[in-house]
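Let me begin by presenting the structure, written as structure tokens, before commenting on it.
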Amino acid sequence: MTNFPDPHIRHAQTEDTHAIVALLNSAYRGESSRKGWTTEADLIGGDVRTDEEEVRSVIQQQGSVFLIYQEGDRIIGCVNLQDKGDRMYLGMFSVSPELQGGGIGRKIMEAADEHAKALGAIAIFMTVISVRADLIAWYERRGYRDTGKRMPFQEDGRTGHHLQTLEFMELEKIL
């Protein structure tokens, strides 16, 4: 288990599931997400990005870890990393909408890099909705590059109706 220099960052436990779900949903869906710049509310209708079953499953999955950023008893940021051999998949990254732009996301991403390196990964990759230009630019400033891979973003009946045709693009950072 990686020890992080920032005392606000720790590994999530199953009992953190409810708070992580609330954070992810508030950062990506519905009106609350409009307080931040990571909202997908104009791309995907509804208030659900994820649910407790999915997050609990990801926390308990072999080779998966959730890192959380916590102030007091409030979880205000998170990211999930999944071991994929010599690469780590990064997903479910979020910061509370009203706190975005204050450096918390950068600290979480640095902790993700540290964790991946400690496990011997040579790269971290993620998928991002391809029309999210501002978010993609933010990741690029942190060393991520477009791999050229594209994947359809299918509606799943749970996480909201797509308001336009969407696809994922893969970004990768060499560590």
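What about Lys117, is it outside any helix (DSSP H, G or I), open to solvent by 70 Å² or more (accessible area, probe 1.4 Å) and either within 17 Å of Ala22 (Cβ to Cβ) or at pLDDT 95 or above (or both)?
So Lys117 fails the test.
Read through the list (1) closer than 23 Å to Trp37 by Cα; (2) open to solvent by less than 20 Å² (accessible area, probe 1.4 Å); (3) of a type in the set (A, V, I, L, M), then give the number of the only condition that Leu163 fails.
For Leu163, the exception is condition (2).
Can you tell me which residue is nearest to Phe125 (Cα to Cα) among those in segment 65-98 that are among the hydroxyl-bearing types (Ser, Thr, Tyr) and open to solvent by less than 20 Å² (accessible area, probe 1.4 Å)? Spell out the reasoning first.
Here is the first cut: in segment 65-98, the residues among the hydroxyl-bearing types (Ser, Thr, Tyr) are 69, 89, 94, 96.
From what is left, the residues that are open to solvent by less than 20 Å² (accessible area, probe 1.4 Å) are 69, 94, 96.
Numbers: Tyr69: 21, Ser94: 16, Ser96: 23 Å.
Out of the qualifying residues, it is Ser94.
Can you go through Gly101, Gly46 and tell me which one is over 12 Å from the mean Cα position of the chain (by Cα), of a type in the set (Gly, Ala, Ser), more than 20 Å from Asp156 (Cβ to Cβ) and modelled with pLDDT under 95?
Values: Gly46 fails: more than 20 Å from Asp156 (Cβ to Cβ).
Only one candidate qualifies: Gly101.
The values are calculated or read from the model by the stated rules, or taken from the named source; none is laboratory data. The model shown is predicted, which means the values in this text are computed figures rather than measured ones. Don't worry about glycine lacking a Cβ; one is built from the backbone with ideal geometry, like all the others, and counts go over all protein chains shown. These accessible areas exclude ligands, DNA and RNA; they are computed on the full protein's heavy atoms, side chains included. Shrake-Rupley method; radii C 1.70, N 1.55, O 1.52, S 1.80 Å.
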